[in-house]
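Engineer: This is the structure, below, for whatever I ask next.
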Amino acid sequence: MRQSLTFSLGACATGIPENPSSDDPEALLKDFMISKLKLPPDTVDSITFHRVHRLGGPKSKRPQPIIAKLEHYKHKNIIKSKARELKGSNFGINDQFPKEINDRRKILYLIMKQHRE
């Protein structure tokens with residue numbers, strides 16, 4: 001999971017919108033990187049993936065997040081460095097962590113939120 005990223009929308013909906021004419025999440029993700037992250041097309045073409053898939057099935061009306069496992073850690077750093085381009089939008093990029101770590105982070109997030117108030 002060290003080289004995996006989760007691409008999603010904000011709290012109101014999850015996932016990059018699904019394209020009914022294309023079932024290829026990798027192409028959809030590369031288009032997202034060019035249009036939303038403003039990465040140059042030649043950089044996006046050089047980014048390689050082990051696997052790209054949607055989390056869960058099409059059982060929900062909301063688009064599901066996309067999980068991407070990158071071949072190189074430096075590609076992950078390139079994408080995360082451009083994540084600031086998403087500030088103010090509903091899109092988000094996060095590291096993929098095991099369930100145990102996500103559960104602990106949720107608890108810590110609630111504590112942090114209470115201390116800010």
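Engineer: Order of 68-75, 105-112 by packing, highest average Cβ count within 10 Å first? If you can, show how the numbers build up before the last one.
Structural biologist: Numbers: 68-75: 16.0, 105-112: 9.9.
For the peptides 68-75, 105-112, the packing ranking is 68-75, 105-112.
Engineer: Glu117 to His72: FRET efficiency via 1/(1 + (r/R0)^6), r the Cβ-Cβ distance, R0 25 Å, to the nearest 0.05? Present the calculation step by step, with values, prior to reporting the outcome.
Structural biologist: Working: r = 41 Å, r/R0 = 1.64.
That pair, Glu117 with His72, gives E of 0.05.
Engineer: In addition: At what distance in nm do the modelled label points of Lys38 and Leu110 sit from each other, each positioned 7 Å from its Cα along Cα→Cβ?
Structural biologist: Computed distance between label sites Lys38 and Leu110 equals 3.8 nm.
Engineer: Here is a further query. Tell me the per residue accessible area of region 54-117 using a 1.4 Å probe; a whole number in Å² is fine.
Structural biologist: On the way: 5030 Å² over 64 residues.
Value returned for region 54-117: 79 Å² of accessible area per residue.
Engineer: Name the long-range amide H neighbours of His72: under 5 Å, sequence gap of 5 or more, or other chain; modelled H, no Pro or chain starts.
Structural biologist: It is Thr48, by chain and number.
Engineer: Got a sec? What order do Phe97, Phe91, Phe7, Phe49 fall in by accessible area at 1.4 Å, biggest, i.e. largest, first? Provide the component values of the computation, followed by the final result.
Structural biologist: On the way: Phe97 65, Phe91 45, Phe7 0, Phe49 20 Å².
The ranking, largest first, comes out as Phe97, Phe91, Phe49, Phe7.
Engineer: How large, in percent, is the carbon and sulfur part of the accessible surface of region 19-88 at a probe radius of 1.4 Å? Walk me through the intermediate numbers first.
Structural biologist: Details: 2240 of 4440 Å².
Carbon-and-sulfur percentage of accessible area, whole number: 50.
Engineer: Then there's this: Taking 7 Å along the Cα-to-C-beta vector as the label spot, tell me the Asp23-Lys61 distance in nanometres, rounded to one decimal.
Structural biologist: Distance between label points: 2.4 nm.
The values are calculated or read from the model by the stated rules, or taken from the named source; none is laboratory data. Predicted model, so just to flag it, every value in this text is computed and none were measured. Note that each Cβ is placed from the backbone with ideal geometry, even for glycine, and that neighbours are counted across all protein chains shown. What goes into the accessible areas is simple: the full protein's heavy atoms, side chains included, and nothing from ligands, DNA or RNA. Shrake-Rupley method; radii C 1.70, N 1.55, O 1.52, S 1.80 Å.
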